[in-house]
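Novice: Once you've had a glance at the structure underneath, I'll fire off some questions.
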Amino acid sequence: NNRIARIELRDFKTRQILGPIPNVSGNHGSTFVTPNTEYVLAASRFSIPLPKGTVAPLENYASQYKGVVAGISVDPNTGQMAVGWEILMPPFNYDLGDAGKMASEGWAFWTCYNAERATGKLEVTATQKDRDYIVAVDWKAAEKAAKEGKVKTIDGVKVIDPKDVQGVVYLLPCSKSPHGVDVSPDGKYIVGSGKLQSITTAFNFEKVKTAISKKDFSGQEDGIPVLKYESIKDAEINVGLGPLHTQFDDQGFAYTSLFVESAVAKWKLGTWEVVDKIPITYNIGHLATAEGDTVSPDGKYLVALNKLSHGRHLTVGPSQPECSQLIDVAGEKMKMLYEAYTEPEPHYAQIIKADKIKAIEVYQKADSKHPNAIWDVKDARVERRGNSVNVYMVAVRSSFEPNKIEVKQGDRVTIYLTNIEQTTDELHGFGLNEHNINVVVDPGETKVIEFVANKPGVFPFYCTNFCSALHQEMQGYLLVGGGKPGQGQQAKAAGAQQ
Ligand SMILES: [Cu+2]
């Protein structure tokens, strides 16, 4: 749905969901951030006619369909995200990105496939040419163009058309069918692999800048200059079959996942020699080294996020979990340490040092701002206003107060439930029978539960998050009167027949 969520690492809760992002279609090129989180990168996987809602014949795909790469701005004080700028791109399929850093600070990169601008059976039609592209955006120039109004407004956001604004975006020819680009920790190398070629290419960012200043171009796509491959590449590394993504360690080594070969290749930046290889089970896609996307990777560990497990675990039906493997990369030779099973399909990860995360375990009473929170059992009550029933409820080991709610059929019920515990790991839950309601309330948190009591009868509510030896006793009753017995069951039976 072209959305980006921001999760606060203080409590690991989602604070914002931005989107659907205008003009971006199938955001597969996220979420990579610039070094100071000025922007989060986003990109269209599926080019479509713009603005959204426009229909153009698929026969006109090459000219009337458009991709978009975007910088989602992040407020440095609040973290609030908004669309910063977008760039109108040829109808390729845009894939994973990475932000420039150090030597390439101020730039953003994405790979794209389907340089053929093909439709139909893409496995054939989109693999005709020898090369696809890495998109290189000078995001400071994009920011400036947006600020100076050198934009079109499409669906309410600022969109830069490279035909009108020069110097914002360039294309670097890359091996066929790439699925990601990775910038080395010093920012000097832009590393891209195409899964249909057995090499990984290290582009030298200095050479990219020189080629741009000398206009050393081999062509253009919809007004975007294409740089000459031979002028900007430093090395082609013979990593193996089906190279996809590359991560880095603290000793100048790079690790490239090999999907077809089911292996990870370790190679040296600068000398470009492949020094080690380790088999993976099976078909590795993404991989993550400790802080491997940063300017100072931590090394030591690598996690291989594999796409297929091919029955390495007990079979429990056709749907199979996938395999992730933990590899020790501290020594000369990579060592397999452990494997575990994850939901399909593992798609990117970050490993962050634990001491960087300062998460809370309890919401402090002093910080409670909810207007309807109550912190004393004495304040627990049920209030009626017309057909609205407000319940001010406390959860604390091991009871709910009040533990009886009496309403009439059709009443709108709102429960303000505060878990007044201030103890680590003392969460409570609130489940209401046959109402499809089950919420978890963290220590010190207030949750609002709203529903219309449209079924007559007596409905137990109970704690659904284990809390104490008397957890099972933590329960109460909702009594919904004034209705005709059996009504709920009749409605249910009617529903079942449909
Ligand atoms: Cu409980």
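Novice: Kindly provide the trypsin sites (Lys or Arg not before Pro) of segment 43-107 that DSSP labels as loop, not H, G, I, E or B, and whose Cβ sees at most 15 other Cβ atoms within 10 Å.
Specialist: Qualifying residues, ordered by number: LYS52.
Novice: Grab the Cα-Cα distance for ILE437 and LEU122, subtract it from 0.36 nm times how many residues apart they are, and report the gain in nm with one decimal.
Specialist: So the chain would gain 109.0 nm between ILE437 and LEU122.
Novice: What accessible area per residue comes out for the chain, rounded to a whole number of Å², with a 1.4 Å probe?
Specialist: 47
Novice: Express the relative contact order of the chain as a whole percentage, based on alpha carbon pairs under 8 Å and six or more residues apart in sequence.
Specialist: Normalised by residue count, the contact order of the chain is 7 percent.
Novice: To the nearest Å, what is the center-to-center distance of segment 171-226 and segment 1-56, using C-alpha atoms only?
Specialist: 24
Novice: Follow-up. Going 7 Å from the Cα of GLN320 toward and past its Cβ, which residues in segment 237-271 have a backbone nitrogen under 15 Å from where you end up?
Specialist: Under cut-off, by backbone N: 262.
Novice: Let's see if you can work this out: charge +1 on each Lys and Arg Cβ, -1 on each Asp and Glu Cβ, no other charges. What is the dipole magnitude of segment 1-235 about its Cα centre, in debye to the nearest 20?
Specialist: 140
Novice: Right, next: When the distances between all Cα atoms of segment 259-365 are binned every 10 Å from zero, what whole-number percent does each bin get?
Specialist: 13, 38, 29, 14, 4, 1
Novice: Counting only protein heavy atoms and using a 1.4 Å probe, what share of the accessible area of the chain belongs to carbon plus sulfur, as a whole percent?
Specialist: 51
Novice: Step through the residues of segment 280-297 one at a time and calculate ³J(HN,Hα) from phi using the Karplus curve (6.51 cos²θ - 1.76 cosθ + 1.60, θ = phi - 60°), rounding each to whole Hz and writing x for Gly and Pro.
Specialist: In residue order, the calculated couplings are 10, 10, 9, 6, 4, x, 8, 8, 9, 9, 4, 6, x, 8, 9, 6, 9, x Hz.
Novice: Additional query: Taking 0.36 nm per residue of separation and subtracting the Cα-Cα distance, what length does fully extending ALA103 through SER368 add?
Specialist: Length difference between fully extended and current span is 90.9 nm.
Novice: Also, quick follow-up: For segment 364-396 and segment 58-95, what is the separation of their C-alpha centers, rounded to whole Å?
Specialist: Spelled out, the Cα-based centre of one part sits 45 Å from the other.
Novice: Which loop trypsin sites (Lys or Arg not before Pro) in segment 324-363, with loop taken from DSSP, have no more than 13 other Cβ atoms within 10 angstrom of their Cβ?
Specialist: Listed in order of number, the matching sites are LYS333, LYS353, LYS358.
Novice: Given the peptides 185-195, 472-482, arrange them by the average over their residues of other C-beta atoms within 10 Å, most packed first.
Specialist: So the peptides 185-195, 472-482, ranked by packing, come out 185-195, 472-482.
Novice: Oh, and also: Evaluate the distance, in nm, between pseudo-label points positioned 7 Å from the Cα of ARG384 and of TRP272 along their respective Cα→Cβ axes.
Specialist: 8.2
Novice: If you plug each phi of segment 428-442 into the Karplus form 6.51 cos²θ - 1.76 cosθ + 1.60 with θ = phi - 60°, what whole-Hz ³J(HN,Hα) values come out, in order, with x for Gly and Pro?
Specialist: After applying 6.51 cos²θ - 1.76 cosθ + 1.60, I find 10, x, 10, x, 10, 4, 6, 10, 6, 10, 7, 10, 9, 10, 6 Hz.
Novice: Show me, bin by bin at 5 Å from 0, the whole-percent P(r) of segment 1-235 based on Cα pairs.
Specialist: In order of increasing distance, the bins hold 1, 7, 15, 19, 21, 17, 11, 6, 2, 0, 0 percent.
Novice: Among VAL413, ASN387, LEU18, pick out the residue whose Cα is farthest towards the positive end of the charge dipole of the chain, where Lys and Arg carry +1 and Asp and Glu carry -1 on C-beta, about the Cα centre.
Specialist: ASN387
Novice: Right, here's the next one. Quick one: Cα centre-to-centre distance for segment 98-167 and segment 280-335, in angstrom?
Specialist: 30
Novice: For segment 183-305, taking Cα atoms only, what is the radius of gyration to one decimal and the Dmax to the nearest whole Å?
Specialist: 15.1, 46
Novice: Can I get the semi-axes of segment 367-497's equivalent ellipsoid? Compute them from the C-alpha gyration tensor as square roots of 5 times the eigenvalues, in angstrom, largest first.
Specialist: Whole-Å semi-axes of the equivalent ellipsoid: 27, 17, 12.
Novice: Take the Cα atoms of segment 293-420, find their three principal axes, and give me the spread along each one in whole Å, biggest first.
Specialist: That gives 71, 41, 27 Å along the principal axes, largest extent first.
Novice: Continuing with this model, one more query. Once you charge only the Cβ atoms, +1 for Lys and Arg and -1 for Asp and Glu, what is the size of the charge dipole of segment 5-124 about its Cα centre, to the nearest 20 debye?
Specialist: With only Lys, Arg, Asp and Glu charged at Cβ, the dipole is about 240 debye.
Novice: Given the options ASN372, PRO49, VAL329, identify the residue whose Cα lies farthest towards the positive end of the charge dipole of the chain (+1 on Cβ of Lys, Arg; -1 on Cβ of Asp, Glu).
Specialist: PRO49
Novice: Considering the options VAL135, VAL151, VAL124, tell which one lies farthest towards the positive end of the dipole of segment 117-163, charges being +1 on Lys and Arg and -1 on Asp and Glu at the Cβ, about the Cα centre.
Specialist: So the residue furthest toward the plus end is VAL151.
Novice: How far, in nm, would the chain grow between VAL260 and ASP75 when pulled straight, counting 0.36 nm per residue and subtracting the alpha carbon separation?
Specialist: Taking 0.36 nm per residue and subtracting the Cα distance, the gain is 62.5 nm.
Novice: Moving on. Two decimals is fine: what is log10 I(q)/I(0) at q = 0.13 Å⁻¹ for the chain, from a Debye sum with one equal scatterer on every Cα and no solvent?
Specialist: -1.16
Novice: Using a simple charge model, +1 on the beta-carbon of Lys and Arg, -1 on the beta-carbon of Asp and Glu, nothing else, what dipole does the chain show about its Cα centre, in debye to the nearest 20?
Specialist: That gives a dipole near 1100 debye.
The values are calculated or read from the model by the stated rules, or taken from the named source; none is laboratory data. What you are looking at is a predicted structure, and each value in this text was computed from that prediction instead of being measured. Using ideal geometry, Cβ is built from the backbone for each residue, glycine included, and neighbour counts are taken over all protein chains shown. Quick note on the areas: whole protein, heavy atoms, side chains included, nothing else; ligands and nucleic acids left out. Shrake-Rupley method; radii C 1.70, N 1.55, O 1.52, S 1.80 Å.
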